[in-house]
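K.L.:
Before I ask anything, here is the structure I am working with.
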Amino acid sequence: MILSLSWKNIWRSRKRSLVVIGAIIIGVWALIFMIAFYNSFGTAFARNAVNYEHSHLQIHHPDYLVEPDIASQVSDEENIVQAIASDPMVKAFSGRQKVNGMIASSKTSAGVQIYGVNTRSESTTTSLKDHLVEGTYFNKIKRNPVLISAKLADKLRVKIRSKIVLTFQDIDGNITSASCRVEGIFESKSPKINEGVIYLKKADLNRLVGVDGINELAILLHTNEQIDVMKQKLEAITKNTVRTYKQVAPEFNLMEESSVITKQILTVIIMLALLFGIVNTMLMAVLERTKEIGMLRSVGMHRHSIFSMIMLETLLMGLLAGPIGLTMGFLTIAWLGDEGLDLSLYSDALKEYGFDAIFYPEIQNSTYPVLMTVVMVTAFIGAIYPAIKAVRLNPLETIRKL
């Protein structure tokens with residue numbers, strides 16, 4: 001009887017009930033959209049950093065992590081390369097020689113990190129060749145060709161075929177200088193690469209520093225789910241240190257933690273707004289029905305039945321609105337997940353932080369039942385005060401007002 005009465009009470013005042021139902025629907029939809037949007041930020045940042053900078057895994061000599069010195073070369077390079085070249089989980093890999101140094105033009109100078117790369121493998125691993133905006137990819141200038149970012153080229157005021165001088169330490173600690181020419185100018189999707197990384201052929205850099213090998217091996221996998229398995233495989237065949245991209249760049253963990261906190265804050269804000277809306281609307285409903293509630297009390301309805309009736313009204317509206325809001329959110333995210341959310345208007349600012357202009361909101365399916373539970377808990381809490389107000393009404397006073 002209480003359930004049937006509660007359902008009928010909802011539709012006795014359609015406008016008031018539809019306001020609560022609409023508020024719940026919009027609140028749930030907005031929450032799903034915001035969570036999915038923040039997820040897309042983290043995914044885009046990680047995807048660009050993995051594809052264009054860190055790769056999924058990196059291998060270094062243990063001493064390199066203590067002091068990134070040119071002498072700390074990856075041991076057993078041939079065995080490792082042979083193992084990963086035939087592994088189906090590996091999409092691409094690139095061995096690099098990394099040296100810190102200075103770059104100078106006729107106008108100015110700057111500190112840079114010099115990457116000596118295998119031109120073919122680096123292109124497949126980081127798509128470096130596809131990011132060229134001017135010049136060519138290591139195929140025209142024979143002696144010490146370099147690739148620099150457009151940002152660095154603008155800072156040094158150089159262009160294609162301009163002469164630059166690199167200064168760095170060789171294997172013996174001696175200061176070495178090399179005259180090079182700019183063969184290509186690129187724009188990477190990695191802010192760090194754009195800020196201060198230049199590319200030289202690995203053979204040229206090794207000749208200049210006096211070594212024959214690599215001090216970093218970057219490995220790109222097909223999916224993130226393969227990282228832990230591949231890491232264990234590599235650790236079983238080498239004494240070098242194998243690290244995931246999250247270990248290489250701790251900012252990923254910081255971003256994930258801040259994203260979780262942000263989504264929790266958004267959830268609390270939206271649910272609090274929804275809570276006060278429910279309390280206000282249900283309290284008005286109770287005050288408008290004081291005569292009716294008084295009559296029910298006077299004919300023998302117990303306090304707990306009155307309380308249950310008000311609580312059930314609110315919960316039924318939550319059960320009605322929640323799935324609608326979830327469905328709307330699911331359809332919105334499914335559509336945006338395919339089409340993308342175009343933020344080209346802010347592309348310049350986004351590029352500075354390593355983001356694309358198109359975002360693809362995403363949300364885990366396990367989030368939907370959690371959100372439904374949160375909505376029902378909010379509706380339950382919001383109904384408590386109006387229900388208490390209803391049971392405290394004095395039936396004699398309400399009857400005198402008839």
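K.L.:
Mind checking which residues of region 8-27 are exposed (fewer than 15 other Cβ atoms within 10 Å of the Cβ), at pLDDT below 80 and either of a type outside the set (D, E, K, R) or in contact with a Leu (Cβ under 7 Å, 6 or more places away or on another chain) (or both)?
P.N.:
Once the filter is applied, which keeps residues that are exposed (fewer than 15 other Cβ atoms within 10 Å of the Cβ), at pLDDT below 80 and either of a type outside the set (D, E, K, R) or in contact with a Leu (Cβ under 7 Å, 6 or more places away or on another chain) (or both), region 8-27 yields only Trp11.
K.L.:
Take Tyr137 and decide whether it is in a strand (DSSP E or B), of a type in the set (Phe, Trp, Tyr) and in the same structural domain as Ser179 (by TED's automatic domain parsing). Show your work before the answer.
P.N.:
Details: in a strand (DSSP E or B): no; of a type in the set (Phe, Trp, Tyr): yes; in the same structural domain as Ser179 (by TED's automatic domain parsing): yes.
Against the criterion (in a strand (DSSP E or B), of a type in the set (Phe, Trp, Tyr) and in the same structural domain as Ser179 (by TED's automatic domain parsing)), Tyr137 does not qualify.
Quick grid of which residues meet (1) modelled with pLDDT under 85; (2) in the same structural domain as Glu195 (by TED's automatic domain parsing); (3) over 30 Å from Asn48 (Cβ atoms); (4) assigned to a helix (DSSP H, G or I):
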site	(1), (2), (3), (4)
Gly294	yes, no, yes, yes
Ala321	no, no, yes, yes
Thr327	no, no, yes, yes
Leu345	yes, no, no, yes
Ile363	no, no, no, no
Val370	no, no, no, yes
Val375	no, no, yes, yes
Ala383	yes, no, yes, yes
Ala387	yes, no, yes, yes
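K.L.:
Next question, about the same structure. Cβ contacts < 8 Å: first residue over 16 Å from Leu319 (Cβ atoms), restricted to region 19-30; second residue among the acidic types (Asp, Glu), any location; separation 6+ or different chain. Result?
P.N.:
none
K.L.:
Please find, within region 125-150, the residue that is surrounded by the fewest Cβ atoms within 10 Å (Cβ to Cβ) out of those that are closer than 19 Å to Ala104 by Cα and at pLDDT 90 or above.
P.N.:
Here the answer is Ala150.
K.L.:
Would you call Val81 closer than 26 Å to Lys129 by Cα and outside any helix (DSSP H, G or I)? Break it down stepwise before answering.
P.N.:
Details: closer than 26 Å to Lys129 by Cα: yes; outside any helix (DSSP H, G or I): no.
Judged against the criteria, Val81 is not a match.
Listed here are the residues, each with its yes/no results for (1) part of a strand (DSSP E or B); (2) in the same structural domain as Leu275 (by TED's automatic domain parsing); (3) crowded, with 17+ Cβ neighbours inside 10 Å.
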position	(1), (2), (3)
Trp29	no, yes, yes
Gln73	no, no, yes
Pro88	no, no, no
Ser94	yes, no, yes
Tyr115	yes, no, yes
Ser123	no, no, yes
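K.L.:
Could you tell me which numbered condition Leu234 fails, if it satisfies all but one of (1) touching a Ser or Thr at 6+ places or on another chain (Cβ under 9 Å); (2) crowded, with 16+ Cβ neighbours inside 10 Å?
P.N.:
(1)
K.L.:
Give me the pairs, please: first residue somewhere in region 170-183 and among the hydroxyl-bearing types (Ser, Thr, Tyr), second residue anywhere and surrounded by 10 or more Cβ atoms within 10 Å (Cβ to Cβ) and in a loop (DSSP other than H, G, I, E, B), beta-carbon distance under 8 Å, and either six or more positions apart or on two chains.
P.N.:
What qualifies is Thr176/Asp170; Ser179/Asn144.
Each row is one residue, and each column tells you yes or no for (1) basic (Lys, Arg); (2) out of contact with any Gly (no Cβ under 6 Å at 6 or more places or on another chain); (3) buried (at least 18 other Cβ atoms within 10 Å of the Cβ); (4) assigned to a helix (DSSP H, G or I).
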position: Ile185; (1), (2), (3), (4): no, no, yes, no
position: Lys189; (1), (2), (3), (4): yes, yes, yes, no
position: Leu205; (1), (2), (3), (4): no, no, yes, yes
position: Leu220; (1), (2), (3), (4): no, yes, yes, no
position: Ile227; (1), (2), (3), (4): no, yes, yes, yes
position: Val242; (1), (2), (3), (4): no, yes, yes, no
position: Ser259; (1), (2), (3), (4): no, no, no, yes
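A quick yes/no check of all residues on (1) over 30 Å from Glu313 (Cα atoms); (2) in contact (Cβ under 8 Å) with a residue 40 or more places away in the chain:
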position: Asp342; (1), (2): yes, no
position: Ile358; (1), (2): yes, no
position: Glu362; (1), (2): yes, yes
position: Ile381; (1), (2): no, yes
position: Ile388; (1), (2): no, yes
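The values are calculated or read from the model by the stated rules, or taken from the named source; none is laboratory data. Please read these numbers as outputs of a predicted model, since none were measured by experiment. All Cβ positions, even for glycine, are placed from backbone atoms using ideal geometry, and neighbour counts span all protein chains on display.
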